[in-house]
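Data first, discussion second: the structure below is written as structure tokens.
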Amino acid sequence: MWTQMGGNMLKAAFYSMIFLGSALMIYNIYGFSRFIRDLAGRKYFGRGNKLLRLPILLLIMFFLGYVSVGIFIRPAELIHIIIAGILFGGSIFVFVMYRMLSTIVSRVTENERLEAELHAAEQSNRTKTEFLSTISHEMRTPLNVIIGLDTVAQTEPGVTGNIKEMFNRIDLSAKHLLGLINNILDMNHIEQGKLTVKNTDMSLSHAIEQVSAIAGAVADQKGLAFVCEGSESITKHYTGDEMMIKRVLLELLDNAVKYTDVPGKVELHISCAPAGENRDAFTFEVKDSGIGIEESFIPNIFDVFAREDQSSTNRFGGSGLGLAVIKNIVDLMGGRISVESKKNEGSTFRVDLTLEISSLPFVPKREQTEEVELEGKRILIVEDLPENAEIVSDLLDLEGAVTEHAINGKIGVQIFSESEPGYYDAVLMDLRMPVMDGLTATREIRKLDRADAKTIPIIALTANAFESDIKQSLDAGMNAHLAKPADADLLYNTLKKCMGAANAVSTEVNDK
Ligand code: ADP
């Protein structure tokens, strides 16, 4: 009886294992072939696809083995049951393996998909930056012509009264557009983490002098009073980014003038206190008696595109980018920017910045002692676009300088090398030019074996205004970098400063 019952149970176990195992194997074959089809669609596994057919073949053979065991073998002996058990275990094993494999592969391909997406995003970001760089170049070139011609036209004898006022408005609008382009480019750079601040020796007192002169003129033009206090507290040289500090203060002063109605007052206060060994803590306060800021808007004031009055009828033009950009610059310099304001009473923007004291000796108004006049100076303009060269030439003509023109870098190098040493006082060099670009031309000039090859000021005058371009031009041996459209005063001052420094160097060389 036991044997009878045991025999039946073994039989049942044998058939159920064969039956369930076959069913599982059919499922495995189906699942595995779907899995392989799926893989074939993914580009990373496309090539291994043929190899993966082998396991399917094995699974089919396994399945046929089942069927033949089910058909041809009777569960008469223990060994037959064991065979069925092994086959059943095999199906479960294949099932588990296939599930694990499919999970692993889907994770791997998911990672690869994300990597591919990241790569595509990076690529598109690169394309965007290149696009912005090209567009900025393209936009600056016509702006250069507009601002340059406008400056020259304003000096024409017949230009007075209403006409002069119109030219003035063209100038203001073009400069406004330029500011906007710069801010958009900067914001793009900031978002990509590419905006960097320099840490070089600088003259803070000179920077403040320039800022206060520019802001004073703008305030005066609007009929506002302007006061700059505390610049005498700067008695040392520091290391930092002079251009960025000027940029931050000018943006705040520009806003102060913009958001203050006549009669009103704009102030710049500077104070300085020691901040440990070799460092001084500066506070720059830009104060106005203007329209003030609503308390509820203050927390958002440094956000991108934040403007208190978003309406299109807003009487103050603007984009809401200026403060966002300078907040990022102040952060990069390790400083802090804050604001206090009362509606209809005025606002005070405060920048706290700690600067390292430079080892350079402090000579008050150093630059002025080196300054030279442009009258009679000979300047070589290396520029491929004749209209751009003409504008720069006209601007320099106003100051009495003499200019000559080379249409590309190669011709520039040739003209310079064929001239008598000391014939030219400076070179204004475009960067992007056919035949030979400005960086190569500068290196070629610096390599020449003649007395003035190393000392002649070479100033980049170009529509490429990215920080990386500035670094490239300085690395190539240029003395300064002016972004087009060059502001007339900035052009004159840069030339004077560079020529003054070159004179000092050549006197030093001659003295030795
Ligand atoms: P924009 O001036 O181009 O709109 P900003 O980023 O420079 O952009 O300023 C953002 C906003 O902050 C301005 O739209 C204005 O509402 C407010 N704001 C900035 N400076 C002042 C100020 N000195 N007085 C009053 N409001 C100001």
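Counting only residues that are of a type in the set (A, V, I, L, M), within 13 Å of the ligand (Cβ to nearest atom) and in a loop (DSSP other than H, G, I, E, B), region 219-261 holds 1 of them.
Of all residue pairs spaced 6 or more apart or on separate chains, those with beta-carbon atoms under 6 Å, a first member in region 281-293 that is on the phi > 0 side of the Ramachandran plot and a second member that is within 6 Å of the ligand (Cβ to nearest atom) are GLY292/SER347. Evaluating ASN328 against the criteria (1) within 9 Å of the ligand (Cβ to nearest atom); (2) buried (at least 17 other Cβ atoms within 10 Å of the Cβ); (3) at pLDDT below 95 leaves one unmet condition, (1). Please determine, by comparing only the residues of region 262-271 that are aliphatic (A, V, I, L, M) and either assigned to a strand (DSSP E or B) or within 9 Å of the ligand (Cβ to nearest atom) (or both), which one is farthest from the chain's Cα centre (by Cα). The qualifying residue farthest from the chain's Cα centre (by Cα) is VAL266. Of everything listed in (1) closer than 19 Å to GLN221 by Cβ; (2) modelled with pLDDT under 95, the single unmet condition for LEU268 is (2).
Per the conditions (1) closer than 30 Å to GLU387 by Cα; (2) surrounded by 14 or more Cβ atoms within 10 Å (Cβ to Cβ), the sole criterion not satisfied by ILE208 is (1). Annotation note: Cβ proximity below 7 Å between a residue of region 112-134 that is among the acidic types (Asp, Glu) and a residue that is surrounded by 10 or more Cβ atoms within 10 Å (Cβ to Cβ) (sequence gap 6+ or interchain) occurs for GLU112/TYR44. Cβ-Cβ distances below 8 Å connect the following pairs, each with a first residue in region 175-191 that is farther than 16 Å from ASN328 by Cα and in contact (Cβ under 8 Å) with a residue 12 or more places away in the chain, a second residue that is of a type in the set (Val, Ile, Thr) and assigned to a helix (DSSP H, G or I), and a separation of six or more residues or different chains: LYS175/ILE147; LEU178/ILE147. Is it the case that some residue within region 422-439 is assigned to a helix (DSSP H, G or I) and at pLDDT 90 or above? Among the residues of region 422-439, at least one is assigned to a helix (DSSP H, G or I) and at pLDDT 90 or above, which makes the answer yes. How many residues, within region 272-322, are at pLDDT 85 or above, among the hydroxyl-bearing types (Ser, Thr, Tyr) and away from the ligand (no atom under 13 Å from the Cβ)? Selection size over region 272-322: 1. Among the residues here, THR155 qualifies as surrounded by fewer than 16 Cβ atoms within 10 Å (Cβ to Cβ) and not basic (Lys, Arg). Run down GLY318, GLY276, GLY322, GLY334 and say which single residue is under 23 Å from the mean Cα position of the chain (by Cα) and exposed (fewer than 13 other Cβ atoms within 10 Å of the Cβ). Criteria check complete, one pass: GLY334. Can we say THR129 is under 56 Å from the mean Cα position of the chain (by Cα), exposed (fewer than 14 other Cβ atoms within 10 Å of the Cβ) and at pLDDT below 80? No; evaluated as a whole, the condition is false for this residue. Just for region 417-448: of the residues that are farther than 15 Å from ASP384 by Cα and touching a residue at least 40 places away in the same chain (Cβ under 8 Å), which one is surrounded by the most Cβ atoms within 10 Å (Cβ to Cβ)? This residue is ALA426. With respect to the conditions (1) in contact with a Lys or Arg (Cβ under 8 Å, 6 or more places away or on another chain); (2) surrounded by 14 or more Cβ atoms within 10 Å (Cβ to Cβ), GLU294 falls short on a single one, namely (2).
The values are calculated or read from the model by the stated rules, or taken from the named source; none is laboratory data. Just so it is clear, the model here is predicted, and its values are computed rather than measured. In this analysis, Cβ positions are derived from the backbone assuming ideal geometry, glycine residues included, and neighbour counts consider all displayed protein chains.
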